[in-house]
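Undergrad: Before I ask anything, here is the structure I am working with.
No value in this document is a laboratory result; all are computed from the given coordinates. Predicted model, so just to flag it, every value in this text is computed and none were measured. Using ideal geometry, Cβ is built from the backbone for each residue, glycine included, and neighbour counts are taken over all protein chains shown.
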Amino acid sequence: MAVYEDETPILLRNITHKPDELSKFDAITEQQDLRRQLVLDELQRSGIPLEFDAVIGRGGLVKPISGGVYEINQRMLDDTLHGCVMHNHACNLGCLIAHEIASQIPGCRSFIADPGVVDELSPLARISGSPLMPRICIWHALNQRAIARRYARGIGKEYEDLNLIICHLGGGISVAAHEHGRAIDANNALDGEGPFSPERAGSLPAADLIRLCFSGKYNEKQLLKRIAGKAGLNAHLGTNDMREILERINAGDTHAQQIVEAMLYHTAKHIAAEAAVLCGKIDAILLTGGMAHSDYVVSELRRRIGFLAPVYTFPGEDEMEALALNALSVLRGKREAKVYD
């Protein structure tokens, strides 16, 4: 959570949760009251009154929408709670908590911006090998767009003028081709496409997965966990903590090294595939997310993809600032809030 006065952060907090604190909840949305109260308690401890012009939250996994800032309305709340939400993911709480806090403040508006379901795929990108399963994208849209704009400002250009490949290296790995301000191709980084990651399986052999579904060894919930959660590095190495895994590699764990190198191999391969989407016209490749803090990770990726375009790193996530700037742009009349319908 963060509090901004114009562009200046006056409070930045990362509130962590122990597994047993959340294990009593069957659904993410049941955590709404707990997490909202933690935010309000932190404001009170910091002496910050409930006097805001806007509250903006990370958007959830509602229906696919175009990028931008959206005013939270009843349809968005209904879709988050009862409608088209596809996954039990914490990001679904963003609009619920933002709207609830804003509703306590006279004249305060509530927004989301660039949720993970932003879909600007080109028509060809939507077509898969089966008409039963068109491609969708679930990716780190908010952070990728924020990094793209930061890079563009740094070189004196606009995001809309550039062709970029951006790779977010976090618990999931998303790779997108940005063509003049639109992400025309991106993977479903949440549950089943692209490279495997610290806790997600990425693309899997389809026939083997179907056979596993009918093997009788796992139920649906258990198999979904094998796609997102107990998958990727977590499945191979028993942890999704990249810092711990890198310490194991430094201590001589050759198995851990092989698994991480395989993850980076597939990530590089996916980045290179997006070069074909942009027909090789790439201004830069941007690496972001938590794993971009690691020199080992970045150097291995750079070794494999550096021939495509200049590679720049933006470690961590820029989501608090991105949310603040998106809300400010609407409050200052520079952009119009879109309507979710």
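Undergrad: For segment 278-319 and segment 1-75, what is the separation of their C-alpha centers, rounded to whole Å?
TA: 29 Å
Undergrad: Out of segment 299-341, which chymotrypsin sites (Phe, Trp or Tyr not before Pro) are coil in DSSP terms and have no more than 14 other C-beta atoms within 10 Å? Walk me through the numbers on the way to the answer.
TA: Details: sites: Phe307, Tyr312, Tyr340; in loops: Phe307, Tyr340.
Of the chymotrypsin sites (Phe, Trp or Tyr not before Pro), the ones in loops of segment 299-341 whose Cβ has at most 14 other Cβ atoms within 10 Å are Phe307.
Undergrad: Give the calculated FRET efficiency between Asp41 and Asn73 to the nearest 0.05, with a Förster radius of 35 Å applied to their Cβ-Cβ distance. Mind showing how you got there, number by number?
TA: Numbers: r = 28 Å, r/R0 = 0.79.
Rounded to the nearest 0.05, the efficiency is 0.80.
Undergrad: For segment 56-189, with the dipole built from +1 on Lys and Arg beta-carbon atoms and -1 on Asp and Glu ones, taken about the Cα centre, which of Cys167, Val117, Pro106 lies farthest toward the positive end?
TA: Cys167
Undergrad: List the lysines whose Cα lies under 21 Å from the Cα of Lys18, skipping any in the same chain that are fewer than 8 positions away.
TA: Cross-link targets: Lys225, Lys230.
Undergrad: Does segment 140-260 come out rounded, prolate or oblate, given a ≥ b ≥ c as the square roots of the eigenvalues of its C-alpha gyration tensor, rounded meaning a/c under 1.5 and, failing that, prolate meaning a/b above b/c?
TA: Working: a/c = 3.17, a/b = 1.56, b/c = 2.03.
Taking the square roots of the gyration eigenvalues as a ≥ b ≥ c, segment 140-260 is oblate.
Undergrad: Starting at the first residue of segment 90-98, write each ³J(HN,Hα) from the Karplus equation 6.51 cos²θ - 1.76 cosθ + 1.60 with θ = phi - 60°, in whole Hz, x for Gly and Pro.
TA: 4, 4, 5, 7, x, 6, 5, 6, 4
Undergrad: Determine the shape class of segment 91-183: with a ≥ b ≥ c the square roots of the Cα gyration tensor eigenvalues, call it rounded for a/c under 1.5, and otherwise prolate if a/b is greater than b/c, oblate otherwise. List each step's numbers first, then the result.
TA: Working: a/c = 2.28, a/b = 1.29, b/c = 1.77.
Oblate, because a/c is 1.5 or more while a/b does not exceed b/c.
Undergrad: Between Ile105 and Ile15, what length in nm is gained on full extension when 0.36 nm per residue of separation is reduced by their alpha carbon distance? All intermediate terms of the calculation are to be shown ahead of the outcome.
TA: Numbers: separation 90, 0.36 × 90 = 32.40 nm, distance 2.32 nm.
Stretched fully, the Ile105-Ile15 segment lengthens by 30.1 nm.
Undergrad: Suppose each label sits 7 Å from its Cα in the direction of the beta carbon; what would the Tyr265-Ala207 distance come out to in nanometres?
TA: Calculated label separation equals 2.2 nm.
Undergrad: Now, a different point. What are the ³J(HN,Hα) values, in whole Hz, obtained from phi via the Karplus relation 6.51 cos²θ - 1.76 cosθ + 1.60 with θ = phi - 60°, for each residue of segment 161-177 in sequence order, with x given for Gly and Pro?
TA: Residue by residue, segment 161-177 yields 8, 10, 10, 10, 10, 10, 10, 8, 10, x, x, x, 10, 10, 10, 9, 9 Hz.
Undergrad: Calculate one ³J(HN,Hα) per residue across segment 218-231 by plugging θ = phi - 60° into the Karplus curve 6.51 cos²θ - 1.76 cosθ + 1.60, and present them in order as whole Hz with x for glycine and proline.
TA: 9, 8, 4, 4, 5, 5, 4, 5, 6, 8, 9, x, 8, 9
Undergrad: Find the relative contact order for the chain and round it to a whole percent, using C-alpha pairs within less than 8 Å whose residues are 6+ positions apart.
TA: On the way: 591 pairs, mean separation 58.1, N = 341.
Once divided by the residue count of the chain, the mean separation gives 17 percent.
Undergrad: So, one more: Sequence gap at least 6, Cα distance under 8 Å: using those rules, report the relative contact order of segment 96-155 to the nearest whole percent.
TA: Values: 38 pairs, mean separation 16.8, N = 60.
Over segment 96-155, the number comes to 28 percent.
Undergrad: Still on this structure: Quick check on the chain: helices-only [θ] at 222 nm, where DSSP H runs of length 4 and up contribute -39,500 (n - 2.57) each and the sum goes over total residues. Nearest 500, please.
TA: Numbers: 13 runs with 132 residues, N = 341.
The helix contribution divided over the chain gives -11500 deg cm²/dmol.
Undergrad: To continue, here is another question. Long-range amide H contacts for Tyr4: which residues qualify at under 5 Å (H placed 1.01 Å from N, peptide plane, sequence gap of 5 or more or a different chain)?
TA: Ile10
Undergrad: Oh, and also: Give the relative contact order (percent, whole number) for segment 132-273; include only Cα pairs under 8 Å separated by 6+ residues.
TA: 19 percent
Undergrad: Looking at the square roots a ≥ b ≥ c of the eigenvalues of the Cα gyration tensor of segment 1-124, which shape do they give, rounded for a/c under 1.5, prolate if a/b is larger than b/c, or oblate?
TA: Values: a/c = 1.81, a/b = 1.25, b/c = 1.45.
Cα axes put segment 1-124 in the oblate bin.
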